[in-house]
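Below is one structure, written out as C-alpha cells, with a few remarks after it.
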Amino acid sequence: MSRKALITYGGWEGHDPKLCAELYAPILRDKGFDVTVVDTLDVYVDTELMSSLSLVVPIWTIST
C-alpha cells in the first residue's frame with residue numbers, strides 16, 4: 001500500500017505558498033509518498049480522497 005500525501009496551498013502571496021508547496025512535494029516523493037498538490041481548499045470535501053491520505057500539508061495564510 002502506497003502512502004499518499006496532499007499539499008494544499010494558497011492565500012497571501014507574500015508568503016510564497018506555491019513556492020513552499022513546490023519545495024516540500026519532492027521531499028515527500030523522495031520519502032515514498034504519492035503527492036497531490038492543489039491550490040484550493042475545496043479538496044477537503046472530497047471524502048473519498050481525504051480518507052485515502054496518510055498526510056495532509058496545508059500551506060495557507062490569510063484565507064477564508
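Quick rundown of the values:
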quantity: Whole-number accessible area per residue in Å² for the chain, which is evaluated in the context of all protein chains at 1.4 Å; calculated: 69
quantity: For the chain: relative contact order, % (alpha-carbon pairs under 8 angstrom, 6 or more apart); calculated: 55
quantity: Radius of gyration and Dmax over the Cα atoms of the chain, both given in Å; calculated: 11.8, 38
quantity: Sulfur and carbon atoms: percent of accessible area, the chain [1.4 Å]; calculated: 56
quantity: Nearest 10 degrees, 0 to 90: helix 17-30 Cα axis against the chain principal axis; calculated: 20
quantity: Solvent-accessible surface (1.4 angstrom probe) belonging to Tyr24, in square angstrom, nearest 10; calculated: 110
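The values are calculated or read from the model by the stated rules, or taken from the named source; none is laboratory data. Just so you know, these numbers come straight off a predicted model, no measurement behind them. Please note that ligands, DNA and RNA were not included when accessible areas were found on the heavy atoms of the full protein model with its side chains. Shrake-Rupley method; radii C 1.70, N 1.55, O 1.52, S 1.80 Å.
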